[in-house]
Every structure is written in C-alpha cells, then in structure tokens.
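The values are calculated or read from the model by the stated rules, or taken from the named source; none is laboratory data. Because the structure is a prediction, the values reported are computed rather than measured. With ideal geometry, Cβ positions are generated from the backbone for all residues, glycine too; neighbour counts draw on all protein chains shown. To get the accessible areas, we keep the full protein, side chains included, count just its heavy atoms, and leave off ligands, DNA and RNA. Shrake-Rupley method; radii C 1.70, N 1.55, O 1.52, S 1.80 Å.
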Amino acid sequence: MSKKKRLFLDAGHGAHDPGAINTSTGLKEKDVALDVCLLMREMLSPDVEVILSRNSDLFLPLSKRSMKANLSKADAFLSVHCNSAIAPTAHGFEVFTTRGNSRADDLASKLYKRFEQLGRTGRKDMADGDPDKEASFHVLTKTKMPAALFELEFIHNQQGHDFLSNQDSQVKMARALSDGILDYFEITHTAFPPDRNTDVGFSAGSPPEGAKEIIERIESDLQSLKKRLSTKT
C-alpha cells in the first residue's frame with residue numbers, strides 16, 4: 001500500500017492576533033480560517049494525512065508555522081486566510097505563491113479552479129499563464145514543500161461577512177479547497193452516496209466501511225460550528 005500524501009494545513013492568525021475583523025459584526029479572520037481548516041481535516045482524513053498548525057484559538061509566530069511545516073515533511077502546505085481592504089466594495093478570493101515559477105503553481109491553480117466553481121469571483125494575475133498572485137509571504141518563502149496561501153473572501157464588508165460566516169458556505173469552501181488538494185495529489189474522487197448532501201460528502205477514495213464514522217465526525221463538527229456561529233451573531 002502506498003504511503004498517504006501529507007498536507008500541512010495552516011489556519012491563519014489566532015488568539016491575540018485576530019487577523020482582519022468585520023467592525024460591524026465582530027467576525028474575526030482567525031475564527032473563519034480555523035472553522036474551514038477543521039472541516040477540511042475531516043473531509044480529507046480518509047485519504048490524506050492532515051497536520052494542522054493549530055486546532056484551537058492558539059497563536060503561533062510565522063517562524064513556528066514554517067518550522068513545524070518543514071519538520072512534518074509534508075508534501076504540500078496551505079495557509080487559509082480572509083482578506084480585507086479599505087475599499088468597501090472589494091470582493092473575491094485570491095491564491096498566492098512565491099515569486100517566479102515553482103512547483104506550487106500547479107497547487108494554486110487547482111485550488112483556484114475548484115473554488116471558482118462555487119460561483120465566487122476570482123482575483124487573479126495571469127501574467128505568467130496561471131491565476132495565482134505572487135508574494136514573498138514568510139510561510140511561502142520559508143517552507144520547503146510546494147506552498148500556497150488562500151484568501152477566502154473579503155471579511156470587511158457585508159457581502160463578505162454573509163458568505164464567510166454562513167455555515168453552509170464554510171462547508172462549501174472547505175469542500176472546494178479539499179477537492180483542490182485531492183486534484184493536486186492526483187487522488188481519484190469517488191461518487192457521493194445518494195442520500196448525502198454533496199456539499200459535505202466524502203473525500204476521494206473513502207472506503208465504504210468507514211462511511212458512517214466519517215459522516216458522524218463531519219456532522220459533529222458542523223454542530224460545534226453552529227454553536228460558535230450563534231455566539232458571534
């Protein structure tokens with residue numbers, strides 16, 4: 001049996017570092033990022049070994065995140081964030097890699113394609129033939145594996161808040177990013193069971209005998225997520 005692919009999944013910010021905040025509602029980037037990453041772990045777990053930088057409201061400096069990722073010997077790195085801007089109408093998702101051509105370009109392109117299928121607006125830079133934007137973010141330049149940083153949406157305005165805070169949207173975002181990871185790892189997607197909402201579903205390659213347990217874990221996470229969201233509104 002071949003060894004599972006390994007993903008280092010980084011939920012941005014944490015604890016005293018909330019990241020971007022919607023000043024009208026108090027929705028914090030750190031919470032959205034963590035919620036999406038926890039859902040991704042459940043969706044990917046049958047097929048991909050997922051190592052989280054944090055699984056709670058914990059602060060980690062950037063150097064610790066890149067160090068943990070490198071020590072994990074992961075096959076890919078993904079950092080999840082929410083965007084913000086001065087312009088009140090700014091919207092859309094973005095994916096970043098390091099400057100120049102690298103092995104991360106394919107990872108970013110597959111994440112972008114899957115997320116675009118949600119009907120969201122992609123903010124891209126096609127100057128070098130692919131949609132990823134390029135930046136010298138620490139977690140991209142200091143990690144040894146193909147690495148991407150994904151901005152889910154702009155949190156500062158109402159439309160961004162409504163999308164990011166909605167539990168169904170969070171499941172769809174997690175599903176899209178999970179599918180992008182599976183595409184990158186070239187893991188074949190299995191059919192969803194007919195009685196299951198395909199926005200949650202199974203990750204690719206899930207064995208039938210483990211289906212019940214996988215669903216129960218995802219539903220448990222969703223119940224926890226509902227409780228967290230109810231305290232934020």
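Within the stretch 1-138, DSSP assigns beta bridges of which about 15% are antiparallel (rounded to the nearest 5). How would you classify the stretch 1-158 from its alpha-carbon gyration tensor, with a ≥ b ≥ c the square roots of the eigenvalues: rounded for a/c under 1.5, else prolate if a/b is greater than b/c, otherwise oblate? Because a/c hits 1.5 or more and a/b fails to exceed b/c, the stretch 1-158 counts as oblate.
Couplings 3J(HN,Hα) for the stretch 112-117, derived from phi with the Karplus relation 6.51 cos²θ - 1.76 cosθ + 1.60 (θ = phi - 60°), are 4, 4, 5, 5, 4, 5 Hz, where x marks Gly and Pro.
Using a probe of 1.4 Å on the protein chains alone, the accessible area found for Asp105 is around 20 Å². Couplings for the stretch 31-40, taken from phi via the Karplus curve 6.51 cos²θ - 1.76 cosθ + 1.60 with θ = phi - 60°, read 6, 5, 4, 5, 4, 5, 5, 5, 5, 4 Hz in order; Gly and Pro are left as x. Once you reduce the stretch 66-103 and the stretch 5-29 to the center of their Cα atoms, the two points are 13 Å from each other. If R0 is 35 Å, the Cβ-Cβ spacing of Thr23 and Glu49 corresponds to a FRET efficiency of close to 0.35.
Distant-in-sequence amide contacts of Phe154, defined by a placed amide H-H separation under 5 Å and a gap of 5 or more residues or a different chain, comprise Asn83, Gly92.
To the nearest 10, the accessible area of Thr23 is 130 Å² with a 1.4 Å probe.
Cross-link pairs exceeding 22 Å in C-alpha to C-alpha distance, out of Lys5/Lys68; Lys4/Lys68; Lys3/Lys144; Lys30/Lys144, comprise Lys30/Lys144.
Remark on Ser79: its backbone amide H falls under 5 Å from those of Asp10, Ala148, Leu149, Phe150, a criterion applied only to residues 5 or more positions apart or on other chains, H modelled at 1.01 Å from N.
Taking the average, over residues, of other Cβ atoms within 10 Å as the packing measure, peptides 48-61, 152-165, 172-185, 121-134 rank 172-185, 152-165, 48-61, 121-134 from highest down.
In sequence order, the stretch 81-86 has phi-based couplings of 9, 10, 8, 7, 7, 6 Hz under the Karplus curve 6.51 cos²θ - 1.76 cosθ + 1.60, θ = phi - 60°, and Gly or Pro positions carry x. Counting charges near Ser53 (Lys, Arg +1; Asp, Glu -1) among other residues having Cβ under 10 Å from its Cβ returns a value of +3.
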